[in-house]
């Protein structure tokens with residue numbers, strides 16, 4: 001399957017071969033299922049803006065500058081996790097976790113804005129399931145998806161390099177220069193953007209190239225322009241973080257290995 005990034009993504013068939021039994025097919029389908037567990041048991045209405053952070057640099061930035069500086073403005077509404085695993089218990093923003101989950105937070109004053117933090121290395125065969133669940137959190141008519149992620153640079157960089165791309169329906173201004181060809185991304189960011197394009201949900205991807213193995217101040221500053229543009233405008237104060245917040249940034253949640261390795 002070709003995504004609009006230009007790369008080819010693998011397509012995983014749920015159908016078994018002719019000599020496979022129906023039980024095997026049913027077991028395979030169930031193993032690949034991803035579920036959303038809501039903290040209060042009630043399914044809320046779809047959000048208008050979903051902000052997904054994945055990868056250590058984006059996770060560190062969102063935890064400190066969006067959830068951290070937001071104080072009590074954010075509350076965990078639920079978690080996305082593989083079928084058969086335990087959902088993440090409610091936790092304040094910034095708390096570390098090491099389970100196969102993606103935590104979803106909602107803004108108290110702007111309940112139509114949600115943030116999803118994914119510190120889980122998702123198996124390739126489950127990427128479509130995760131992407132589908134995440135994108136369907138956004139309203140199919142009024143919703144939009146913003147993806148923040150990062151890649152290790154393959155060449156020496158004087159400073160972290162940020163690039164972005166968006167789908168045609170995305171109308172908001174972009175904080176970084178456009179990503180030139182070859183326009184590609186991998187893993188969950190690519191799967192989410194492809195799913196959003198398929199569903200005609202406006203989507204933008206901010207991709208940070210950095211040599212740093214963990215979040216640092218240069219990579220954080222590279223993301224800061226995103227705070228001054230929609231959909232993050234007004235959700236967090238544009239002020240310098242305190243020392244404890246910087247310490248939290250320097251020690252992001254470890255990316256746990258998945259249950260299949």
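The values are calculated or read from the model by the stated rules, or taken from the named source; none is laboratory data. In this text, all values refer to a predicted model and were calculated from it rather than measured experimentally. Using ideal geometry, Cβ is built from the backbone for each residue, glycine included, and neighbour counts are taken over all protein chains shown.
Answer yes or no as to whether residue 237 is under 22 Å from residue 48 (Cα atoms), in contact with a strand residue (DSSP E or B) (Cβ under 9 Å, 6 or more places away or on another chain), modelled with pLDDT under 90 and surrounded by fewer than 19 Cβ atoms within 10 Å (Cβ to Cβ).
Here the answer is no, as residue 237 does not meet what is asked.
Looking at (1) at pLDDT 85 or above; (2) touching a strand residue (DSSP E or B) at 6+ places or on another chain (Cβ under 6 Å), which one does residue 219 not meet, given that it meets all the others?
Tallying (1) at pLDDT 85 or above; (2) touching a strand residue (DSSP E or B) at 6+ places or on another chain (Cβ under 6 Å), residue 219 fails exactly one: (1).
What's the total number of residues in segment 151-199 that are at pLDDT below 90, in a loop (DSSP other than H, G, I, E, B) and buried (at least 18 other Cβ atoms within 10 Å of the Cβ)?
Here the count works out to 3.
Of the residues in segment 123-141, how many are closer than 16 Å to residue 195 by Cα and not in a helix (DSSP H, G or I)?
Result for segment 123-141: 6.
Looking only at segment 76-109, which residues are over 16 Å from the mean Cα position of the chain (by Cα) and modelled with pLDDT of 85 or more?
107
Is it fair to say residue 202 is at pLDDT below 80 and under 16 Å from the mean Cα position of the chain (by Cα)?
For residue 202, the condition - at pLDDT below 80 and under 16 Å from the mean Cα position of the chain (by Cα) - is not met.
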